[in-house]
Amino acid sequence: MKIKKALTFALATVLGISALTACSNTVSENSDNGGSTPASGGNTPAKITLTNVSYDPTRELYEAYNKAFQAHWKEKTGGEIEISQSHGGSGKQALEVANGLEADVVTLALEYDVKAVQDAGLIEDGWVSEFEKDSSPYTSTIVFLVRKGNPKNIKDWDDVVKEGVGVITPNPKTSGGARWNYLAAWAYADKKFGGDEAQIKKFIEALFKNVLVLDSGARGATNSFVQNKQGDVLLAWENEAYLSIQDYPDDYEIITPSISILAQPSVAIVDKVVDKRGTREAATEYLNYLYSDEAQRIAGQNFYRPSNPDILDEFKDTFDLNVNLVTINDFGGWDKAQETHFTDGGVFDQIYEG
Amino acid sequence: MDKTQDQSKNAKIVKWLLISISTLFIAVMLLLPLVTVIIEAFRQGFEVYLKAIADEYTVKATLLTLEATLFAVVINTVFGLFAAWTVTKFKFHGKKLLTTLIDIPVTVSPIIAGLIFVLTFGRQSFIYPLLEKADVKIVFAVPGIVLATIFVTFPFISRELIPVLEAQGTDEEEAAALMGASLPRIFTKVTFPHIKWAFLYGVVLCTARAMGEFGAVSVLSGHIRGKTNTLPLHVEILFNEFKYVPAFAVSSILVILAVIVLIIRSVVEYHGKKDG
Amino acid sequence: MKRSKRVIPGFGLSMGVTLSILGLVVVIPLASLVVFTAQMSFADIIKTITRDRILASFRVSFLTAFIASLINLVMGVILAWVLVRYKFPFKRILDGMIELPFALPTAVAGITLTSLTADTGLFGKFFGIFGVKIAYTRIGITVALVFIGIPFVVRAVQPVLEKLDASYEEAAGVLGASRSKIFFKVILPEIMPAALTGFGLAFGRCIGEYGSVVFIAGNKPFETEITPLIIMSELQEYDYPSATAIALVMLIASFVILFATNLIQARSAKILKGDS
Amino acid sequence: MYVELKNINKSFGDHKASDDVSFGIEKGKLIGLLGPSGSGKTTILRMIAGLEQQDSGDIIIDGKVVNNIPAAKREIGFVFQNYALFRYMTVFENIAFGLKVQKKDKQFIRERVGELIELIGLSGLEKRYPSQLSGGQRQRVAFARALAPNPQLLLLDEPFAAIDAKVRQELRSWLKDMIEKLGVTSIFVTHDQDEAIEVADEIIITNNGRIEQVGTPLEVYQNPQTAFTAGFFGQTAVLENYTDFHTFEKPNGAEKAFVRPEFISVTKKNEPQKFKSSAVEGTVERVAFRGNNMELSIRANGALLTAKRGLDAAEIHVGEKVDVFIYRLFVTVGEKAVLLENQSAREGSVFI
């Protein structure tokens, strides 16, 4: 009696589990139509797909670039290529790739985030020098977006920390862009106070006292400022700010501060994935082509600063090229910056907890 | 019931006061957001709306949402029926623990729901190498979305069935069993007629919730356009692309689906009451 | 418990299916969270979850969830009462809308509620006159959570109220009790176990809510930062141990809440069924 | 008259629950409202209590028209069919409820409730919840709860319906004693004739929303005035053609007849039958032992009669031919009932 019951039981369990896995198998096949199957043979496959995991503000850039690249790929190899995009907060995106999101390439907001993927064993060492300009085909910086006519008369970082100014920035803990914001402000204060850390901290503290909404991502912050009309100034990616101006030319102005930071988004091939899927060739070409004149112009048209100085020069009317830009190396690299400022108990936490 | 003029007047005042409060509450908290979605969706006219919902990615997201919903409903139906049967028709040790475990997903944060599947099937899990070998992708792929959807809607059907079956007792099943009826026969002929409406109600609720799940699916999705984007995620993406009108247009698909489901729910409930 | 022979067939089968699905979808994933956290030392866990900012987020999450559930407790009882006891136009529609929060994606709800309650929105403007800010404050979080929690209490109380024998009220009425006395002394004790169960479920759901809250919260540390958001940000810092430790606290909270509601139900069952 | 109903009408949709109902009740009496289910007896009770409002007519209690006085103010005790004990209150709290509502002081409530618990014999069970009591105990609590505020009128809706047979018997006499002792005017509703006859001082018979007859149990039993009353009591058999049975006269308009078991004498063929000439032959179809007698079902002249026979008499078997003599029967003339004696037996002794 007992044994019989146990047998039924075991049988049922096996049935249940196999039913469930059967489901998930069919599903995973579904999801992959045209995914990993091709590109394994030597001949030109009918169609290759690449997954590009990127961060929030690059949506428009890659929409345009992917079209250009598809044409380029066809011209070069005669084959079709399809690119799937994924966008989100840079840190979150890196984490998902590290956790198994199958990305052939990552194009993230900071080197630090790519490093997280590297730490998961998916990207080989030395990726920074794999492509030109430290693997950053385009750069950006941090500017202020203010309401038309600049009612609070915000000209530089000093005006942002004045009492009564409402600031919108995403949370540096969750947003790559926000870390650039924070570091840009730090760079300004560093110069102003000649490196007096206590005073710099005070300055940053005053800045975050003025923050009204601390969204988790750059796009959320822009939405709070533009859609829900919160605050007087948005600390934003340069390209985000220009996009807002493009959509609402009568409502906003861009102010470039005297000191800002050179934000270098990083791109990399996810070695483990491309090797498994046999897409290394396409992925390499995909990232390489970002440095072509055509792609550099597309970057410029989408308000990213092209890393090719000649192309950047073509956009000199768009970008304020006089801004004094510090780089992450002035902070001792990302690892150090992260360690000092953004880890739990770091300077940023001290500002709020202190 | 009270017949003194004063009292019945008071009762009337109370009645209409309560009705007004309720209506106002529902109107402000539920109806207004609904109407806002629709108004925003049509702000730039019908053409823009149509374009937004006929967009390739929107269609794909809709299909994925329906697919995940279907899986969630089927698996939860199987589970709900068996679990309700187990819990109500038999006595065994640990029944309380079992029912608590079934209920747990309702109160688990969607973020945590996503997180636990990442921990279980993601790279740092010890079964990941096995999955990789078998080339089965779970997290950041459709199976993960399906699993998250099943998780968040897990108790919806069993929760509807258990009270009804409990109230009904085990007499009829015992009578049928004594006459030698088999399990499928007992279930379909004796038990199911009692729980028909409760079951349908649970299915409807499960469908509604499965279509709208955001948090857990968001953690597990990977947000790859056209592949692992469900409708709610697609709304967020559009919103983040500053495409407000399309975002609301896509939301309106969800709203319309929700309203359809709720209408079915009302009909089901109405029939259930009539029968019951 | 008596060990009687089971007459009804299918115990092994139904128990097997129940446990395997439950195990796969709920238990193993939840266990992996515990296993993962167990890799930290106990002192580290304590240190992680007692950081000021995290304690503050617990305060925000629990406080807003509690207030929202309290509002839903009162409104839920009123709504259930109105829907069961009164006849009025559009009642069916009102009734049908209760589940909307289940069906409407939380992200859509969050975006919509934010646009309604921001300074520029319909309600934001109105309350702005009185100097009350809703969006980006704790009030905003509470509003979103009220939205999320509406169905729980209503749907728990409604069936109890429907089944409540009119003779209890008549008995109290004949004994001279006023309407309010009848409600508070006779009806309320009858529906309270169900209402508290609904409250518990709503509370559990609200603590963990993410999708709708992130849009409306403002997310300022120590002020409007909720715990699920902290988990999200810990994840984005690749700080898995912290994220899972905090998640574990939330999970335990869910268990405690469910356990408490089960206790309430057991107590009322004891009074009603008399099995002492 | 302490309670008086005058021309009460009440309809629920198409269903006429009370059709010109009028009757009066004297103070201190225990009245049984008797009728089949759906006859409108519970509606009458609920209207007296104020739980339903009559469409027309007056209800007078203690000389006051109470039409517009709400239930809560009528000072009535009501025992519900299912008792409606508050499930989340203990025995003590249940009984104290009415007194608390009247805002009596605590000391008084404690004493009064204690007194009542003593009276109903449930001392020591004050802290129990209703679910922890037996059916009979619950009924006593419901009774005590209704009596606690000292009502002048006690209404009981099917007070014994939910109790098993053994306890019911016991409770009936307990309740009758209790009400007599307290002297409170009481009305109870029942569909059980035995219960009404045994408990009530006076019976009101209802049918189809109308009052058929009012009287003491004996009067109502012996002299049914309507066709309905005649057929309602006992295991009456209906004779479509009663003249087939001998020596009954036929009044004008007479239709059918009702016969009660005690109106019938059954004799074996070999036993002496005093009125043999007026008896008819019947066949025994069923014999059932009923404790203190044998119950016989006999087919005679096409009608199925139920008769009783003492246990001492010689045994009768199924299929046996017997002589059946009917002493008397009730004949219906329209709505009325008329008692007819068998002319042969008129001179003979009568026994019931």
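Suppose we filter D:Glu262, D:Glu249, D:Glu271, D:Glu195 for residues that are under 29 Å from D:Ile48 (Cβ atoms) and either assigned to a loop (DSSP other than H, G, I, E, B) or in contact with a strand residue (DSSP E or B) (Cβ under 8 Å, 6 or more places away or on another chain) (or both); which single one remains? Let's see the steps before the verdict.
Details: D:Glu262 fails: under 29 Å from D:Ile48 (Cβ atoms); D:Glu249 fails: under 29 Å from D:Ile48 (Cβ atoms); D:Glu271 fails: under 29 Å from D:Ile48 (Cβ atoms).
After ruling out the rest, the residue left standing is D:Glu195.
Residues in region A:214-250 that are within 14 Å of chain C (Cβ to nearest Cβ) and more than 23 Å from A:Thr58 (Cβ to Cβ): 5 in all. Annotation note: Cβ proximity below 7 Å between a residue of region B:150-176 that is over 18 Å from B:Gly212 (Cβ atoms) and within 9 Å of another protein chain (Cβ to nearest Cβ) and a residue that is assigned to a helix (DSSP H, G or I) and hydroxyl-bearing (Ser, Thr, Tyr) (sequence gap 6+ or interchain) occurs for B:Glu173/B:Thr191. Among the residues of region B:192-238, those that are facing another protein chain (nearest Cβ under 8 Å) and either open to solvent by 20 Å² or more (accessible area, probe 1.4 Å) or not in a helix (DSSP H, G or I) (or both) comprise B:Glu213, B:Phe214, B:Gly222, B:His223, B:Ile224, B:Arg225, B:Gly226, B:Lys227, B:Thr228, B:Glu236. Scanning region D:24-39 for residues that are open to solvent by 10 Å² or more (accessible area, probe 1.4 Å) and either of a type in the set (Gly, Ala, Ser) or closer than 22 Å to D:Gly231 by Cα (or both) turns up D:Gly24, D:Gly28, D:Pro36, D:Ser37, D:Gly38.
Can you name every residue in region A:242-261 that is within 20 Å of A:Leu183 (Cβ to Cβ) and at pLDDT below 90? Across region A:242-261, there are no qualifying residues.
Take A:Glu205 and decide whether it is open to solvent by 10 Å² or more (accessible area, probe 1.4 Å) and within 14 Å of chain C (Cβ to nearest Cβ). Taking the combined requirement at face value, the residue satisfies it. Taking region A:151-238 and the helices (runs of 4 or more DSSP H) fully enclosed by it, the elements with 2 or more residues that are touching a Leu at 6+ places or on another chain (Cβ under 8 Å) and modelled with pLDDT under 90 are at A:176-192, A:218-226.
Of all residues in region D:285-301, those that are surrounded by 13 or more Cβ atoms within 10 Å (Cβ to Cβ) and within 18 Å of D:Glu262 (Cβ to Cβ) total 8.
List every residue pair whose Cβ atoms lie under 9 Å apart, where the two residues are 6 or more positions apart in sequence or sit on different chains, the first residue falls within region D:208-222 and is in the same structural domain as D:Lys29 (by TED's automatic domain parsing) and within 16 Å of D:Ile31 (Cβ to Cβ), and the second residue, located anywhere, is open to solvent by 80 Å² or more (accessible area, probe 1.4 Å) and among the small types (Gly, Ala, Ser). If the second residue must be open to solvent by 80 Å² or more (accessible area, probe 1.4 Å) and among the small types (Gly, Ala, Ser), no pairs are left.
In region A:303-321, the qualifying residues are those that are closer than 24 Å to A:Tyr182 by Cβ and touching a residue at least 40 places away in the same chain (Cβ under 8 Å), and the one that is surrounded by the fewest Cβ atoms within 10 Å (Cβ to Cβ) is A:Asp320. Of the residues making up region C:133-161, those that are among the β-branched types (Val, Ile, Thr) and either within 13 Å of chain A (Cβ to nearest Cβ) or in contact with a helix residue (DSSP H, G or I) (Cβ under 7 Å, 6 or more places away or on another chain) (or both) are C:Ile134, C:Thr137, C:Ile141, C:Thr142, C:Val143, C:Val146, C:Ile148, C:Ile150, C:Val153, C:Val154, C:Val157, C:Val160.
Any idea which of C:Phe62, C:Phe58, C:Phe42, C:Phe36 is more than 9 Å from chain A (Cβ to nearest Cβ) and crowded, with 22+ Cβ neighbours inside 10 Å? Break it down stepwise before answering.
Numbers: C:Phe62 fails: crowded, with 22+ Cβ neighbours inside 10 Å; C:Phe58 fails: crowded, with 22+ Cβ neighbours inside 10 Å; C:Phe42 fails: crowded, with 22+ Cβ neighbours inside 10 Å.
So the residue among C:Phe62, C:Phe58, C:Phe42, C:Phe36 that is more than 9 Å from chain A (Cβ to nearest Cβ) and crowded, with 22+ Cβ neighbours inside 10 Å is C:Phe36.
Whether any residue in region D:212-225 is touching a Lys or Arg at 6+ places or on another chain (Cβ under 9 Å), surrounded by fewer than 21 Cβ atoms within 10 Å (Cβ to Cβ) and under 19 Å from D:Ser37 (Cβ atoms) is what I want to check. No: region D:212-225 contains no residue that is touching a Lys or Arg at 6+ places or on another chain (Cβ under 9 Å), surrounded by fewer than 21 Cβ atoms within 10 Å (Cβ to Cβ) and under 19 Å from D:Ser37 (Cβ atoms).
The values are calculated or read from the model by the stated rules, or taken from the named source; none is laboratory data. Just so it is clear, the structure is predicted and the values come from calculations on it, not from any experiment. Cβ coordinates were reconstructed from backbone atoms using ideal geometry, including for glycine residues, and neighbour counts include every protein chain displayed. Note: accessible area is taken over every heavy atom of the protein model, side chains too, but ligands, DNA and RNA are not part of it. Shrake-Rupley method; radii C 1.70, N 1.55, O 1.52, S 1.80 Å.
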